[in-house]
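Read through the structure below, which is laid out as structure tokens, and then see the notes.
Rule-based calculations on the coordinates, nothing more; no lab input. Fair warning: this is a prediction, and the values are worked out from it, not measured in the lab. Using ideal geometry, Cβ is built from the backbone for each residue, glycine included, and neighbour counts are taken over all protein chains shown.
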Amino acid sequence: MSEVIESLLILQDRDQRVTRLTSELQHIPIEEASLAKKLAAQSVRLEQLKTDARKVETDRKKLELDVKTKQDLIAKYKTQQQQTRKNDEFAALNHEIERAEKEINDTEDIELDLMAKYEQATKAVAVEEAALKTFQDKVALSRAELSKKKALLETELTKAKELLVQAEGKVDEATLRRYRRILVSKKDVAIVPIVHGVCTGCHYKLTATSVSHAKAMQELVACDNCGRIVYWQTE
């Protein structure tokens, strides 16, 4: 293998490391945003449960006041009965008392149902609060780990870029420009081995002349199909 090919392979390996580290660093904010979104969603669920529980209790208290109002009304009717001497007025008041008592019974049944719902709602709130606390702890730990990972990746990336510059210095300008142009175009690799007469970059069967020139290692050979630099690899 020629020195030029060896230098390009080293350069490509270091390019790939810089790309990988850069990609990992760019993904950290995405992971952090995902954690924040999940935490916010769970917090919203808790607040909704609390809101639902408060509404049930508010509705129950309204019914409680309604019962109290009707009880006061019954007391008023009974006082009026004691004061009247007319049978028809007494009967009418008695009818109103019976109707109010029935409404109280119906309201109290609904109130009992709401009390049961409120108990269930408060239990659901307690469960969700515990789940949120657990998730908050998990998120805090994940954020700490991401912070450490970010610092480590930044250190590794700085070193990788230094090594990349060193590798670039061992390749002549014309070859480096050619390599960079291919890398930008293909977005993966610029130099690949020939295996069984095939370019491993695009799986194109190379011409006998291209394979022969690659074996000779007297010049850089490009794949006739994809344009990547190809080199002969012992089979």
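For the chain, a crude dipole built from +1 on the beta carbon of Lys and Arg and -1 on the beta carbon of Asp and Glu, taken about the Cα centre, is about 720 debye to the nearest 20.
For Lys161 and Asp109, compute 0.36 nm times the residue count separating them, minus their Cα-Cα distance, and round to one decimal in nm.
Working: separation 52, 0.36 × 52 = 18.72 nm, distance 7.49 nm.
The span from Lys161 to Asp109 would gain 11.2 nm if fully extended.
Between the beta carbons of Ala116 and Lys138, assuming R0 = 25 Å, the FRET efficiency works out to 0.15 to the nearest 0.05. With both bridge residues required to lie in the chain, what share of the DSSP beta bridges run antiparallel, to the nearest 5%? Here the share of antiparallel DSSP bridges comes out near 55 percent.
The eigenvalues of the Cα gyration tensor, multiplied by 5 and square-rooted, give segment 172-235 an equivalent ellipsoid with semi-axes of 19, 14, 9 Å from largest to smallest. Each label point was placed 7 Å from the Cα along the Cα-to-Cβ direction; for Asn87 and Leu46 their separation is 6.9 nm. Report, to one decimal in Å, the Kirkwood hydrodynamic radius for the chain based on all distinct Cα pairs. That comes to 25.8 Å for the chain. For segment 214-229, the Karplus equation 6.51 cos²θ - 1.76 cosθ + 1.60, evaluated at θ = phi - 60°, returns couplings of 5, 5, 5, 6, 8, 7, 6, 10, 9, 5, 5, 9, 9, x, 5, 6 Hz by residue, with Gly and Pro reported as x.
In percent, how large is the relative contact order of the chain, given Cα pairs closer than 8 Å and 6 or more residues apart?
Numbers: 194 pairs, mean separation 58.7, N = 235.
Contact order relative to length: 25 percent.
Out of all DSSP beta bridges with both ends in segment 172-235, state the antiparallel percent to the nearest 5. Around 55 percent antiparallel, to the nearest 5.
Aspartates and glutamates within cross-link reach of Lys123: Cα-Cα under 17 Å, excluding same-chain residues under 8 positions apart? Result set, ordered by chain and number: Glu47, Asp52, Glu57, Asp113.
Report, in listed order, any pair from Lys70/Lys117; Lys138/Lys187; Lys50/Lys102; Lys55/Lys102 with a Cα-Cα distance greater than 31 Å. Numbers along the way, then the final one.
On the way: Lys70/Lys117 24 Å; Lys138/Lys187 37 Å; Lys50/Lys102 33 Å; Lys55/Lys102 25 Å.
With Cα atoms farther than 31 Å apart: Lys138/Lys187; Lys50/Lys102.
Across segment 12-110, the convex hull enclosing all Cα atoms gives 83 Å³ per residue.
With 5 Å bins beginning at zero, the pair-distance distribution over Cα atoms of segment 107-235 amounts to 2, 9, 10, 10, 9, 7, 6, 5, 5, 5, 5, 5, 4, 4, 4, 4, 3, 2, 1, 0 %. Adding -39500 (n - 2.57) for every DSSP H run of four residues or longer, then dividing by how many residues the chain holds, sets the calculated 222 nm ellipticity at -29500 deg cm²/dmol.
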